[in-house]
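Readers should treat all values here as calculations from the given coordinates under stated rules, not as data from a laboratory. Just so it is clear, the model here is predicted, and its values are computed rather than measured. We place every Cβ from the backbone using ideal geometry, glycine too, and count neighbours over all the protein chains shown.
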Number of protein chains: 2
Amino acid sequence: MSILVVGSVALDSIQTPFGKVREALGGSATYFSVAARLYHQPVHLVAVVGTDFPQAHLDSFRSFNIDIAGLQVAEGQTFRWSGRYDYDLNTAETLDTQLNVFASFHPQLPEEYRDAEYVFLANIDPVLQLEVLSQIRQPKLTVLDTMNYWISYRKDALTEAISAVDIVLINEAEARQYANTFSLVRAANKILSLGPRALVVKKGEYGAMLFSRDLDPRQGCFFAPAYPLEKINDPTGAGDSFAGGFMGHLAASKYAPPQAKGQMADVIRRAIVHGSVVASYTVEDFGVNRLRTMTLEDVTNRYSDFKRFTYFEPVCPVADGCERLAAMGGWTR
Amino acid sequence: MSILVVGSVALDSIQTPFGKVREALGGSATYFSVAARLYHQPVHLVAVVGTDFPQAHLDSFRSFNIDIAGLQVAEGQTFRWSGRYDYDLNTAETLDTQLNVFASFHPQLPEEYRDAEYVFLANIDPVLQLEVLSQIRQPKLTVLDTMNYWISYRKDALTEAISAVDIVLINEAEARQYANTFSLVRAANKILSLGPRALVVKKGEYGAMLFSRDLDPRQGCFFAPAYPLEKINDPTGAGDSFAGGFMGHLAASKYAPPQAKGQMADVIRRAIVHGSVVASYTVEDFGVNRLRTMTLEDVTNRYSDFKRFTYFEPVCPVADGCERLAAMGGWTR
């Protein structure tokens, strides 16, 4: 039982009102894997770096127990991204992007990776996402992320990739852009009509939302807020570490569609809360600094907080549970 | 036991991408009272209109069983507002505001209104909100709303009014503006430090959030999503009808602070869900059209939907309830 991620490993230079870092370990596959390995191992990583990639960062991956047998080292420079956030931390201003070796990246899965069961296709060219899918033998669950660029310039390939995966995980503006409508409900229906079983819409500080095709539309809808933090230092990697917590929980729960309807909904709902918890830690510090030190106990604490944040009435696990408890004298409305 | 609202009654001309209305019945006190009367009566309304105010609108108030003994009719024209929404329905563009008789409005409470127990000070000059408070004998619960204009030009009076009420109910941008910080958690702490027991932050399509001073910060935080509608026709009045459902539920529940800690939190949480339900109906049609026809059965249906939207794990009403139910054979994790 293994998790596989294909995405970017990058050197990030980030400025926010609260500090900055230069050439820190970043990239979608990095954030995802550092989050997911908390929940389940092994996590196999497929990406490319240049010959300039610091040994210290390679050592970091090993210290996290992330399998980097699939991390290609190509002649040239590593992918570099440089960005800045203002006090409104919702959107990054990209200052510079140097694709370098990432520009000619073609994922080649080591033989043992082809049996991976939980596959996350991070935000890369959907043509490459399809190449990865064709190399996987029998995945239990496939999830993809994307971005506005691919919606604008690779829509056909992206549509094919969306049709091929179990779950699509994208941000709100991208869902609207892909479906060409302001209504998120309509956008969700359009994306789900292509084939995926579920759509998870990331809304940044407004949390995340699930739309599911397996259930009737009312039942299949779920919201998780974002954790109310007093201070966010660096929002970079929130979405990818969300995906890591989400997939990590699903792998740890041995989730595999199809299952009974209610069952599916509940574990996916809980996975979304786990994603939100992990993302809330990520943004507390720059780069992967907070993810380095966090533990499953940290996860458990905030997971409990989320129950309180959304609680307004008891929901009993059995249909007449509240009544039976009341009859036992344990509780009265 | 009565509900009192002081605010505006207006003639609204509204354009959205989905239609338009001219000189429709509007205003904060209107939306509030049409929503609140579903839950609890009597609802006393204090506002001012001009001699041009249509008899049909007065008849509407009477058909809703809203007590308009406190609706002053002044020589001159009624307050008129004209606005337009684009596909992003989150913000209105004001095309024209004619205060007319509203400019010299001073709320005078009829004698029988001074015993009102649930008092909503809708978005008016905080100087007038304070005038109203001074006329009320012994309210059980006072709630105020405000807007950016008063934060900019009447900050001292607004601060005094905030300090005098039990609950502040404002939108997200206004909370940030008032506290002069981007962090909503810090803004909430600042507002709560002035005295109110709770702050309800309205976030439009992103729902609503409660911060409470009576409980420890973790416990006191609550989120309710907005109802996921496929189509919104006119967002006007969403906030004021939210307030109507919120106060209506609190009045119907005979809520009065102080109560035991958990007790308070739960009824306020449920009141926020009721506010969200009512607002979700309001925006489905222009003006108060949908509020005219909706019933408490409609409320119950969407209230149940909200439970599903936020459910991810059973929450038992007694500490070991899940274990006891499991022992009874009714349920296993």
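Annotations
- Counting Cβ atoms of other protein chains within 10 Å of each residue's Cβ and taking the mean over peptide B:179-185 gives 4.
- For chain B, averaging the sequence separation of C-alpha pairs within contact (under 8 Å, six or more residues apart) and dividing by the residue count gives a relative contact order of 16 percent.
- Computed from backbone phi with θ = phi - 60° and the Karplus coefficients 6.51, -1.76 and 1.60, the 3J(HN,Hα) list for the range A:285-300 is 9, 6, x, 9, 4, 6, 5, 4, 9, 6, 10, 5, 5, 4, 4, 4 Hz; x is used for glycine and proline.
- Inter-copy label distances at residue A:58 (7 Å, Cα→Cβ; nm, one decimal): 8.7
- DSSP bridge pairs, the protein assembly as shown: antiparallel proportion in percent, nearest 5: 40 percent
- Test item: B:78-90 mean partner chain Cβ contacts at 10 Å: 1
- Counting, for every residue in B:225-238, the Cβ atoms of other protein chains within 10 Å of its Cβ and taking the mean gives 3.
- Simple spin-label estimate for residue A:91 and residue A:138 in nanometres, 7 Å along Cα-Cβ: 4.6 nm
- For the range B:1-159, the relative contact order works out to 24 percent when only alpha carbon pairs closer than 8 Å and six or more residues apart are counted.
- Other-chain or far-sequence residues with amide H under 5 Å of residue B:2's (modelled H): B:117, B:118
- A simple spin-label model places the labels of residue A:59 and residue B:173 5.0 nm from each other, with each point 7 Å out along Cα-to-Cβ.
- Distances in nm from residue A:134 to the matching label points in the other copies, shortest first (labels 7 Å along Cα to Cβ): 8.0
- FRET efficiency, residue B:160 to residue A:149 (Cβ-Cβ, R0 60 Å, nearest 0.05): 0.70
- Estimated FRET transfer efficiency (residue A:51, residue B:307; beta-carbon r; R0 56 Å; 0.05): 0.50
- Dividing the helix sum by the residues of the protein assembly as shown, where each DSSP H run of 4 or more adds -39500 (n - 2.57), gives a mean residue ellipticity at 222 nm of -11000 deg cm²/dmol.
- Fraction of beta bridges assigned by DSSP in the range B:3-294 that are antiparallel (%, nearest 5): 40 percent
- 0 to 90° range, to nearest 10: angle between helix B:155-164 axis and chain B longest Cα axis: 50 degrees
- Förster-model FRET efficiency, 41 Å R0, residue B:295 and residue B:130, C-beta, rounded to 0.05: 0.65
- Computed from Cα atoms, the angle from the helix B:238-252 axis to the main principal axis of chain B rounds to 60 degrees.
- Cα centroid separation - the range B:83-146 against the range A:93-128, whole Å: 56 Å
- Remark: label point of residue B:94 defined 7 Å out from Cα along the Cα-Cβ vector; separations to the same position in other copies 3.9 nm, ascending.
- Cα centre as origin, Lys/Arg/Asp/Glu Cβ charges: the protein assembly as shown dipole, Debye: 1080 debye
- GNM top mover of B:195, B:239, B:248 - chain B, alpha-carbon springs below 10 Å: B:195
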